[in-house]
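Trainee: Have a look at this one before I ask anything.
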Amino acid sequence: MTEHTDDAMGKLVEHTDGGPGDLGSTGEQTPMYDAVIEEIDGRNIRIGDHWLVDYASCNYLGFDLNEEIIAASQAAIERWGTHPSWSRLLGNPALYPEIEERLTDLLSAPDSLVLPTITLIHTAILPLLAEEGGVLLEKRAHKTLFDASIIARNQGAHFAKYSQDDLDTLDDELRAARAAIGPDQPLLVCLDGLNSMTGNVPPLADMIGRCERYGAIMYVDDAHGFGVLGEHPGPDLPYGHRGNSVVRHLGQGYDNLILVGGFSKAYSAILAFIALPTALKEKLKYSAPPYLYSGPSPTASLAGVLAGFDVNDRYGDALRADLYTNTKRVLDQLETLGVRTPNVSGSPIIEIPVADPERVPDAARVLWDRGIYVTLAAYPLVPKDESGFRIQMTAVNTPEQVGHLCETLVVLAEQDIISADNAE
């Protein structure tokens, strides 16, 4: 390799050392980043010779461990092989239309289109929908939505950001976008459903009303809400029934709204969907690259989703009740300790900021030593003042595991790693 090439490669791998508490330095101090998980036993995982309770997976309903779903996946592989390698344009195993029919019914949506991942849907379809119109992006939306919005901007769409915590900014940007693109161009307002970091839901009804005044379409990414949140929430089941998304949870419909969701969280399968009008679905079949060219989801995921629908129909609400119970124990413990979390919805995504960004490695050490595995959140994954860790509860975490987690939160508070100084 020439010296010139060596220099080029060196520049390629250069990175800025952000200092203590940032992602690079934190990664060097804890085995919780880039870990190789060698074995699982229920919600326990083994990294090297160290066993930990897993609070980093998003398998909210425990479908990854469900014996009925595992058996259905194995049977489907015997029939279909491991992978139906046609693109969807060329051939669809019968599993696909069955999934879309049942999903459309579950969501109470006009229609649905199933594709491999949410990332593919965002990056390929969002710019296609935006054309040379406009995209307004909620400031805390997922990075994949941001990336897709930038693609749309680079292809000629108007782009701006707004905050769902200050809807006057949405009004301002809707007005400015309409003035910039004219009355007939498409205008998309993009946001998360159940936010993957705060664990909160948006003021969807108010936002829909504002969008309607400007002829804008809402584009909602409910990767974490689908399967967990559902219709008719109440005291008996605060998460709601059926797990049919944040849209139904908040009592909304699909007029001027496109819902994107995935099965990789609650349903533990590599599959995603977009809920949309049938006419738009038919258009996307001949224009959306993931439908035309992408390899499909593996057989185990397709069969797992269908079996998951059956499990959800029979006792999904009981699993959501268990999930709520586990989550509430942790949130109650944080309230008792006076420790702040952005989560005000009671969802199973619990972000806990540390008292000082430089103490993320300290939190990781205590959690690791006590056999608890979490998602660490250091800068630049999150803003510096939100550095900490994220706990994702599941329905199959045992009461003993949740109790041990609550005891560990006490230890972290006693060491001032998380503290009441962060209370709002």
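Trainee: With θ taken as phi - 60° and the coefficients 6.51, -1.76 and 1.60, list the Karplus ³J(HN,Hα) couplings across region 93-104 in order, rounded to whole Hz; mark glycine and proline as x.
Mentor: Once rounded to whole Hz, the list reads x, 4, 4, 5, x, 5, 4, 5, 5, 6, 5, 4.
Trainee: In whole percent, how big is the carbon plus sulfur part of the accessible area of the chain, probe 1.4 Å, protein atoms only?
Mentor: Carbon and sulfur: 51 percent of the exposed surface of the chain.
Trainee: If you roll a 1.4 Å probe over the heavy atoms of the protein chains, what accessible area per residue do you get for the chain, in Å²?
Mentor: Details: 18210 Å² over 424 residues.
Dividing the accessible area of the chain by its residue count gives 43 Å².
Trainee: About the Cα centre, and with charges only on the beta carbon of Lys, Arg (+1) and Asp, Glu (-1), how big is the dipole of the chain? Nearest 20 debye, please.
Mentor: For the chain, the charge dipole is close to 1120 debye.
Trainee: Turning to a different aspect of this structure: Normalise the Debye intensity by I(0) for region 306-405, one equal point scatterer per Cα, no solvent, then take log10 at q = 0.16, 0.17, 0.20, 0.23 Å⁻¹ and round to two decimals.
Mentor: Normalising to I(0) and taking log10 leaves -0.75, -0.82, -1.04, -1.24.
Trainee: How large is the helix-only mean residue ellipticity at 222 nm for the chain, computed as the sum of -39500 (n - 2.57) over DSSP H runs with n ≥ 4, divided by its residue count, in deg cm²/dmol to the nearest 500?
Mentor: Mean residue ellipticity, 222 nm, calculated: -12500 deg cm²/dmol.
Trainee: Which residue, Ile150, Ile99, Ile181, has the most motion in a Gaussian network model of the chain that connects Cα atoms within less than 10 Å?
Mentor: Ile181
Trainee: Return the sequence-ordered ³J(HN,Hα) values of region 363-372 in whole Hz as given by the Karplus equation 6.51 cos²θ - 1.76 cosθ + 1.60 applied to θ = phi - 60°, using x for Gly and Pro.
Mentor: Running phi through 6.51 cos²θ - 1.76 cosθ + 1.60 with θ = phi - 60° gives 4, 4, 5, 4, 5, 4, 4, 8, x, 10 Hz.
Trainee: Give me the percent of DSSP beta bridges within region 182-255 that run antiparallel, rounded to the nearest 5.
Mentor: Of all bridge pairs located within region 182-255, approximately 25 percent are antiparallel.
Trainee: Okay, next question. Using modelled backbone amide H atoms (1.01 Å from N, in-plane), which distant-in-sequence or interchain residues come within less than 5 Å of Val135's amide H?
Mentor: Distant-sequence amide H within range of Val135: His158, Phe159, Ala160, Leu188.
Trainee: To the nearest 20 debye, what charge dipole does region 297-348 have about its Cα centre, counting +1 at the Cβ of each Lys and Arg and -1 at the Cβ of each Asp and Glu?
Mentor: Values: 5 positive and 6 negative charges, 33 e Å.
With Lys and Arg at +1 and Asp and Glu at -1, about 160 debye.
Trainee: Using 7 Å Cα-to-Cβ label points, what is the Leu292/Gln155 separation (nm, one decimal)?
Mentor: Each label point lies 7 Å from its Cα, and together they span 1.0 nm.
Trainee: If you don't mind, another one. May I ask for the equivalent-ellipsoid semi-axes of region 134-253, computed as the square root of five times each C-alpha gyration tensor eigenvalue and listed largest first in whole Å?
Mentor: Working: eigenvalues 147, 45, 26 Å².
They are 27, 15, 11 Å, listed largest first.
Trainee: If you wrap the chain's Cα atoms in a convex hull and average its projection over all directions, what's the area in nm²?
Mentor: If you wrap the Cα atoms of the chain in a convex hull and average its projections, you get 23.1 nm².
Trainee: Restricting the count to DSSP beta bridges whose residues both fall in the chain, what percent are antiparallel, rounded to a multiple of 5?
Mentor: Beta bridges within the chain, antiparallel portion: roughly 55 percent.
Trainee: Quick one: length gained pulling Glu282 to Val410 fully straight, 0.36 nm per residue minus the C-alpha distance?
Mentor: Working: separation 128, 0.36 × 128 = 46.08 nm, distance 5.44 nm.
Length gained, Glu282 through Val410: 40.6 nm.
The values are calculated or read from the model by the stated rules, or taken from the named source; none is laboratory data. Everything numeric in this text was worked out from a predicted model, so none of it was measured. We place every Cβ from the backbone using ideal geometry, glycine too, and count neighbours over all the protein chains shown. For accessibility, only protein heavy atoms count, side chains too; no ligands or nucleic acids. Shrake-Rupley method; radii C 1.70, N 1.55, O 1.52, S 1.80 Å.
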